[in-house]
Amino acid sequence: MGRVRNRNKNKATETASQPSAETPIDAKKQTKDNSSLNETKKEVAPSTATAPPKTKPKAKKPKTTAPSSDLPAIKVSTDEADQGKFESLGISSSLKDAIRDMGFTKMTDIQARSIPAALSGRDILGAAKTGSGKTAAFLIPIIELLSKISFKPHNGTGAMVVSPTRELALQIYGVLRQLMVFQTQTFGVVIGGANRQSEAEKLAKGVNILVATPGRLVDHMQNTTGFVYRNCKVLVIDEADRILDVGFEKETRLIVKLLPPERQTLLFSATQTTKVKDLARISLKKGPLYVNVDEDKVDSTADNLQQGFVVVEVTKRFTLLYTFLRRNLKKKVIVFLSTCQMVDFYRELFNYIDVPVLGLHGKLAQTKRSATFFEFHNAERGILLCTNVAARGLDIPEVDWIVQCEAPDDPANYIHRVGRTARAGRNGQSVLFLLPNEIKYLQYLKIAKVPLQEYDIGANRLPNLQPHLDRLIQGNKYLTNSAKQAFRSFIMDYHSRKHKDVFDIRKLAVQPLAASLGLTSVPSVGPKVNLGEVDSISNDTDDDESEGEGEFEVSREKSDKEGAKELHSGHGSGKSQPGLKHKAKGGHSRDSKPFKRQKKAD
Ligand SMILES: Nc1ncnc2c1ncn2[C@@H]1O[C@H](COP(=O)(O)OP(=O)(O)OP(=O)(O)O)[C@@H](O)[C@H]1O
């Protein structure tokens, strides 16, 4: 815990080189800049770093190829990628030094294919799997481009990186800080929830490379006097498919519209959807470079990621999660839930029964959000319960397991969620919990090229914790209230889902769902969802007594008494082994019946 990540090495100085021919910044307007560069760097975001360039050699001038025509997007063949060494890039030695200090020697595929093109001025639509190094793929060229033209604070913002979530923005900023350690340009981050006034002051002083979330960026673009973005050379949109989702579309369109049309635009994501095409249409110049390093790959998820699913009745879901987490207390585990209230309830409940967990969702105050994120980020082991707010882009070291307690509506989000493990060539595991009525979801995953196999939960071996859970929750008003909120939010979320063929609220076992949360009756959820009607339709109320083969690694069947002891003591068998294992060795999803269930489990 508590690894220190600051890398403030040097103080900033300025380079004296002339703006190159391709900069539209009026050189005459450039004054000797002695503005509070360091102050800007310090205050726009915590722990910003600036540094003088080491010996700054005359770097090769990057070849600028203007986006030329209406021709279809060009695909870069493997042959065109250079040898893959950062050394082979025509970038400044100071930037190479920073890259080397980060421990990077060879470029990843996406870096090898997109950095040279971005340096040459091309617009790029870049796609590569989660954890493949996209962040450096867009940061390295923008740093180099601004450094080449000696961009100064009074020139305002020369490059913007837009991220859909605050945590991701902070993380990108962290990588930027490492890469900028020997550069003179200023940089910062503006995000929702942070101090707007202090951001505005720094922006007015000139933040050359700005990382931002869309809403806060638009706010500053429209309302912050002295925020200069007319010289913006490069716009980067990370998680491009996500950014146009509800809540971001208006802002993103506005950002694109307000920036100079001649700017360069780079769009990146691990999942490409029609939304990305829409965004490409409105933001990219004609003839962008389309870089999809995984186009020919069979799977859309990381190769070293082992993925499975379990079919579990709603009544067993908590017990399964509890048992799994108890067996993996020495691991680093991220558990995805569908709503903020579910995260809150499970967080309160788990901590109450001595299974320490952290909770992260979008309704937390920003200080709490950041503190939680960094605590988990820096922890060697631990459990993070979260919503989709943590699904995208977050590069948390050494996550062992991703548990999706509830399937996300959009399969793209499944891919991003599991992408929080098995990053940069490391191994990782994931498991998806599906309710019996949600099996069809597997077809969507198959279409999305996600290989996964069924795990057997051995449901008949799970301890019966429900009576003890009921007593705990019903005996605690706070937990009861939290359970009700969780129930309501879950129902509303389920009701609002797009894939009704999978997430059909009429097939949801509402009564057992409420009971599984320790509630004695079904809470009302407002006029939009008629639970009375739902109840009468649902026939899915039987408890699960499966014929599973017992491969779920529970050492022995637990009696009610033992279950109670576990819940209260917080000291179960606590094996460090993962609690789930493959049903069939070598089983794989892409045969003719890829997701055939091996035995009826419910
Ligand atoms: N050239 C490289 N050599 C070694 N490690 C690298 C290299 N480039 C990036 N990494 C590391 O790989 C990890 C993943 O990188 P990054 O977060 O940029 O992935 P990403 O493609 O943006 O993932 P996501 O799609 O989930 O956002 C990081 O820990 C990063 O430090």
Next item on the list: Only Cα pairs under 8 Å and at least 6 apart count here; give the relative contact order of region 110-265 as a rounded whole percent.
Entry: 27
Item checked: Segment residue 223-residue 497, extension gain: residue separation times 0.36 nm, minus the distance between their alpha carbons -> 95.1 nm
Notebook entry, point to check: Given H placed on each backbone N at 1.01 Å, which residues far from residue 360 in sequence or on other chains put an amide H within less than 5 Å of it?
Noted result: 385, 386, 387
Check: Which order do 345, 374, 227 fall in if you start with the one that has the fewest other Cβ atoms within 10 Å?
Finding: 374, 227, 345
Item checked: Distance between modelled label sites at residue 85 and residue 303, nm, 7 Å Cα→Cβ extension -> 2.3
Next item on the list: Convert each backbone phi in region 396-410 into a coupling constant with the Karplus relation 6.51 cos²θ - 1.76 cosθ + 1.60 (shift: θ = phi - 60°), then list the ³J(HN,Hα) values in order as whole Hz, x for Gly and Pro.
Entry: 9, x, 6, 7, 7, 9, 10, 10, 9, 5, 9, 5, x, 4, 9
Margin query: If you take every residue apart from residue 338 with its C-beta less than 13 Å away from the C-beta of residue 338, what net charge results, scoring Lys and Arg +1 and Asp and Glu -1?
Written below: -2
Next item on the list: Could you list, in their original order, any pairs among 250/277; 331/449; 85/134; 233/257; 129/446; 297/449 whose Cα atoms are separated by more than 18 Å?
Entry: 331/449
Note to self: Give me, ordered by chain and number, the residues 5 or more places off residue 187 or on other chains with an amide H under 5 Å from its own placed amide H.
What the structure shows: 208, 209
Check: Counting pairs of alpha carbon atoms under 8 Å apart in space and at least six apart in sequence, what relative contact order in percent does region 305-465 give?
Finding: 36
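Take the Cα gyration tensor of region 141-212, multiply each eigenvalue by 5, square-root it, and list the three semi-axes largest first, rounded to whole angstrom.
Numbers: eigenvalues 74, 44, 17 Å².
Semi-axes (√(5λ), whole Å): 19, 15, 9.
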Margin query: Given R₀ = 56 Å, what would the calculated FRET efficiency be for residue 197 paired with residue 440, taking r from the Cβ atoms and rounding to 0.05?
Written below: 0.65
Check: How high is the FRET efficiency between residue 380 and residue 471 when r is their beta carbon distance and R₀ equals 30 Å, given to the nearest 0.05?
Finding: 0.30
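If you build the convex hull over the alpha carbons only and average its shadow over all orientations, what do you get for region 305-465? Give it in nm² to one decimal.
Working: hull surface 36.3 nm².
About 9.1 nm², averaged over all directions.
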Next item on the list: Please find the FRET efficiency linking residue 120 to residue 504, where r is the Cβ-Cβ separation and R0 is fixed at 60 Å, and quote it to the nearest 0.05.
Entry: 0.75
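Using Cβ counts within 10 Å as a stand-in for footprinting exposure, how do 336, 138, 350, 318 rank, fewest first?
Values: 336 29, 138 26, 350 23, 318 20.
Going from sparsest to densest Cβ surroundings: 318, 350, 138, 336.
Mind checking the alpha-carbon convex hull of region 93-292 and giving the volume per residue in Å³? Provide the component values of the computation, followed by the final result.
Values: hull volume 21.3 nm³, N = 200.
Considering the Cα atoms of region 93-292, their hull volume per residue is 107 Å³.
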Notebook entry, point to check: Can you list the residues of region 233-266 with backbone N under 14 Å from a point 7 Å past the Cα of residue 273, pointing along Cα to Cβ?
Noted result: 239-249
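Any read-out appearing in this document is the output of simple, stated calculations on the displayed coordinates, not a laboratory observation. These numbers come from a predicted model, not from an experiment. Heads up, the Cβs are rebuilt from the backbone with ideal geometry, glycines too, and the neighbour counts pull from every protein chain shown.
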